[in-house]
Amino acid sequence: MITSSAFSRNAALGLMVAVLAGLSLSACERLGNGINARREIAFSVLSADNARTQALWTPLLTDLQKQTGIEVKIVPAVNYEAQVIAFQTRKAQAGWFPNLTGAELVARKHGEVFAEADGLTPYQSLIIIPSSSKLRVEELLKCNRRLTLGLGETRDAAAGQAPLYYLFHPKSVELNTCFKTVTREPAAENIAGVISGKLSAAAIDSDDLQALKQMAPENFAKVKVIWASEPLPEDVLIYRPDLDPVTREKLRSFFLSYGRAPGAEGDRQRAILRALEMEGFAPEDNDHFIPIRLMKASVDLMHAEARDDKGLIARAKQILEKVRAEKRAADADTAPQAPADAVVTSRESNSKGQ
């Protein structure tokens, strides 16, 4: 990806591990009461363009370092697996995470969501075709084995999972038997495949399309959208659950207040946020990923049923029901409540009518 949310979605695992290897518990400051507050953290961002990622995120994270006293190292991750490994091995302590990677960390208890961005454009899964093509969505569902389809990587929620959940599986389309070929590649390869005619259609996300429009308008004119999903949950800020409470609170306080100051300083901060295509940050928690986890669990069940593997089916059903139960609980917790002074008893209603 190329925009700010896109940066949270491609770079060399070996390089990341090498950069992070120097961070250890020696980067902590003992505060008493058994608390070791960190003096350094590694901040992970998914990026296909290291130089651009550094240019966009450095001003924000420099401010974080100045305000909190915590030395911050930006760690661009080459792919989803790199981000997961960094958190699982405690080589990164915080970061800006995309949907499925973040949901995986939360489910494995390697990460906790603490903030989301305000002002982001709704994030959707898209299917594109060559601008000269007359292909329609209905033809993608015919299963005539004449078409070639490009999907995103498995951990890519928008391009890798959402088309299955929202489009193909509800119509009982089994990809491997319905298409001539199905590939899974990053967005750049899928866009190139559509433009060259190698792919009849391909899945990307709305950030990819916007980046294409801004950075390669001549190629943007060579594709068109024939399908879009419902809006998907956006990327979020996550830290490790075992990060000390002092550092966690410093991170929360910084991000939630950033860009909200009046005057020239606030204007400067808001300009940094605008470069990242954000307006600020708002509190968020792990419930953010329930829709994505529900989508993944449903797709996993569909795959298990297609393989007719009873063990996998039973396991997939168990996971799906667990996520559904979490969604019901979250919905109950956030159900809208009438103001206390809006409650009127039948006696009060009658008296008012007299």
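Note on H110: accessible area is roughly 50 Å² with a 1.4 Å probe, heavy atoms of protein only. Simple spin-label estimate for Q67 and E265 gives 0.9 nm between the two label positions (7 Å along the Cα-to-Cβ direction from each Cα).
Accessible surface of Y239, taken over heavy atoms with a 1.4 Å probe and every protein chain present, rounds to 20 Å².
Over all other residues within a Cβ to Cβ distance under 15 Å of L149, the charged ones net out to +1, with Lys and Arg as +1 and Asp and Glu as -1. Less than 5 angstrom separates the built amide H of E71 from those of E40, I41, all sequence-distant by 5 or more or on a different chain.
Would you please state which residues of region 46-72 a label at S257 would reach in this model, taking the label point 7 Å out along Cα→Cβ and a backbone N cut-off of under 19 Å? Zone members listed by number: 60-72. A simple rule links phi to the HN-Hα coupling: the Karplus curve 6.51 cos²θ - 1.76 cosθ + 1.60 with θ = phi - 60°, which for region 57-68 gives 8, 4, x, 5, 6, 5, 4, 4, 5, 5, 7, 9 Hz, with x for Gly and Pro.
Quick one: compute the contact order of region 149-263, relative version, from alpha carbon pairs under 8 angstrom and 6+ residues apart, as a percent. Walk me through the intermediate numbers first.
On the way: 89 pairs, mean separation 28.7, N = 115.
Answer for region 149-263 is 25 percent.
Where the alpha-carbon atoms of region 140-237 are placed on the principal axes, they occupy 36, 34, 20 Å, in descending order.
In the complete set of protein chains, residue-level accessible area for T89 is approximately 70 Å², probe 1.4 angstrom. Computed on protein heavy atoms with a 1.4 Å probe, the accessible areas place C143, C178 in the order C143, C178, largest first. Residue ranking by accessible heavy-atom surface, 1.4 Å probe, largest first, among E104, E81 comes out as E81, E104.
Treating each Cα of region 219-271 as an identical point scatterer and summing with the Debye formula, the log10 of I(q)/I(0) at q = 0.20, 0.21 Å⁻¹ comes to -0.84, -0.87.
Listed values for region 185-201 are Karplus-derived 3J(HN,Hα) couplings in whole Hz (6.51 cos²θ - 1.76 cosθ + 1.60, θ = phi - 60°), namely 9, x, 4, 4, 5, 5, 5, 4, x, 5, 4, 7, x, 5, 10, 5, 7, and x replaces Gly and Pro.
Along region 299-305 the Karplus relation, 6.51 cos²θ - 1.76 cosθ + 1.60 evaluated at θ = phi - 60°, assigns HN-Hα couplings of 5, 4, 5, 4, 5, 5, 5 Hz to successive residues, with x for each Gly and Pro.
The values are calculated or read from the model by the stated rules, or taken from the named source; none is laboratory data. Nothing here was measured: the structure is a model prediction, and the numbers come from that model. Cβ atoms come from the backbone with ideal geometry, glycine included; neighbour counts cover every protein chain shown. Side chains are part of the model used for accessible areas, which takes the heavy atoms of the whole protein and leaves out ligands, DNA and RNA. Shrake-Rupley method; radii C 1.70, N 1.55, O 1.52, S 1.80 Å.
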